[in-house]
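In what follows, a structure is listed as structure tokens, so that the remarks can point back to it.
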Amino acid sequence: MEFTGTHILSIKQFERVDIDRVFAVADSMKPYAQRNKVTRVLQGAILGNMFFEPSTRTRISFGSAFNLLGGNVRETTGFENSAISKGESLYDTARVLSGYSDVICMRHPTAGSVSDFSKASCVPVINGGDGDNEHPTQALLDLYTISNELSSKGRSIDGLRIAMIGDLKYGRTVHSLCHLLCLYKNIYVSLVSPNELSMPEEFVSELRSAGHEVIISEELTPNISNVDIAYSTRIQEERFPSLEEADLYRGRFRLNQSIYTQYCEPNTVIMHPLPRDSRTEANELDSDLDTNPNLAIFRQANNGVLIRMALFALVLDVAHLVDKYADDVPWFSGRGC
Ligand code: CP
């Protein structure tokens, strides 16, 4: 794909060669993300960061990624702080904000809304999650994490065995990840969810059409016993008709160290797009896993900065210039974790 000036709206835009390109540029961003170097390559550029749903990782890591490339960030969060609450259309919002920005990242509760917005935008738009539809940058950082975790064990993504666990109906991260896995070979996918929250048929069909083996189950423990990656997800309570309905499913697939030791292979990597629901009634990934070296959730979250830096560098066509505008950091940049 041609990255320069392109909207990043769906993971369906990416071929395998594009993923390789994004991952190679993400690797080259490590000295900057780790604060060993700084670059001014996007000095003067402005990111418009528009988040109409709550976010910690996606919003801050998009902003950090842009700052780490030397650019500036302007944000609006929540409809209540936007003129959309006064009846302004997405079209007008896009026309106005794209006049203030060089690239826009957007999260919105309605599926397809980021794509609609991009049609009126004069600058590239990156989808930070649209309803229960897609979260393409999360899928890229998830696959980058899978690739890194497997390569440290001498493995590649082809031949991956993965369990996706939890709310697979509303979880947009697993929808986008399913699309991505179709680009690879010989994948085993175990889908573990309550029947009512099962993976939509279109994604199951897509995986099977790609030649992958797909197992569907409501049982956690037998289905985490033979996988490389156990990818847990949160019950997406904000997409349910009521909180009472979401409560029916909370805590159904808890994973803790005792279950891990009893059922998982010794090197099974635990992933979660986060936030994990740590309330007592849910406790999807118990805090007693926090010292398990195979818990990759914080490495996964950190990889979000690398992937988003790579996308900005590619979309704004500066990937080849990042090092030219680099300096060593003058401040203490040691990190405790
Ligand atoms: N993974 C993810 O999208 O997290 P946030 O909702 O905090 O952005």
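Put the Cα centre of segment 280-327 next to the Cα centre of segment 216-269 and the gap is 22 Å. Taking every C-alpha pair closer than 8 Å and separated by at least 6 residues, the mean separation divided by the residue count of segment 119-234 gives a relative contact order of 28 percent. Among the protein heavy atoms, those of E237 account for about 50 Å² of accessible surface (1.4 Å probe, every chain in place). For the chain, the mean residue ellipticity at 222 nm estimated from helices alone is -10000 deg cm²/dmol, where every DSSP H run of n ≥ 4 contributes -39500 (n - 2.57) and the total is divided by all residues, rounded to the nearest 500. For the chain, the antiparallel share of DSSP beta bridges with both residues in that region comes to about 10%. Among the trypsin sites (Lys or Arg not before Pro) in segment 122-165, those placed in a DSSP loop whose Cβ has at most 11 other Cβ atoms within 10 Å are K153. So if R0 is 45 Å, what FRET efficiency would S209 and D116 give, r being the distance between their Cβ atoms, rounded to the nearest 0.05? Approximately 0.95, to the nearest 0.05. Stretched out straight at 0.36 nm per residue, the stretch from R16 to I216 would grow longer than its current Cα-Cα span by 69.4 nm. Can you grab the distance from the C-alpha centre of segment 126-163 to the C-alpha centre of segment 1-45, Å, no decimals? Comparing the Cα centres of segment 126-163 and segment 1-45, I get a distance of 15 Å.
Solvent-accessible surface (1.4 Å probe) assigned to H108 amounts to roughly 20 Å².
Using a Gaussian network model of the chain in which every pair of alpha carbons under 10 angstrom is joined by a spring, one finds that among Y170, Y260, Y144 the greatest mean-square fluctuation is at Y260.
Which one of A310, A296, A83 has the biggest mean-square fluctuation once the chain is modelled by GNM with Cα springs under 10 Å? It is A83.
Taking Lys and Arg as +1 and Asp and Glu as -1, the other residues whose beta-carbon sits under 12 Å from that of K86 total -3. Among the chymotrypsin sites (Phe, Trp or Tyr not before Pro) in segment 1-47, none sits in a DSSP loop with a Cβ that has at most 12 other Cβ atoms within 10 Å. Counting only protein heavy atoms and a 1.4 Å probe, the chain has 43 square angstrom of accessible area per residue. Across the chain, the convex hull enclosing all Cα atoms gives 140 Å³ per residue. Mean separation of Cα pairs under 8 Å and 6 or more residues apart, divided by the residue count, gives the chain a relative contact order of 21 percent.
A simple spin-label model places pseudo-atoms 7 Å from Cα toward Cβ; at S82 and S278 they are separated by 2.9 nm. Taking every Cα-Cα distance in segment 136-298 and sorting them into 5 Å bins from zero, the calculated P(r) comes out as 2, 9, 20, 24, 22, 15, 7, 2, 0, 0 percent.
The values are calculated or read from the model by the stated rules, or taken from the named source; none is laboratory data. Being a predicted model, the structure only gives us computed values, none of them experimental. As a convention, Cβ positions derive from the backbone with ideal geometry for all residues, glycine included, and neighbour counts pool all protein chains shown. Only protein heavy atoms, including side chains, enter the accessible area calculation; ligands, DNA and RNA are left aside. Shrake-Rupley method; radii C 1.70, N 1.55, O 1.52, S 1.80 Å.
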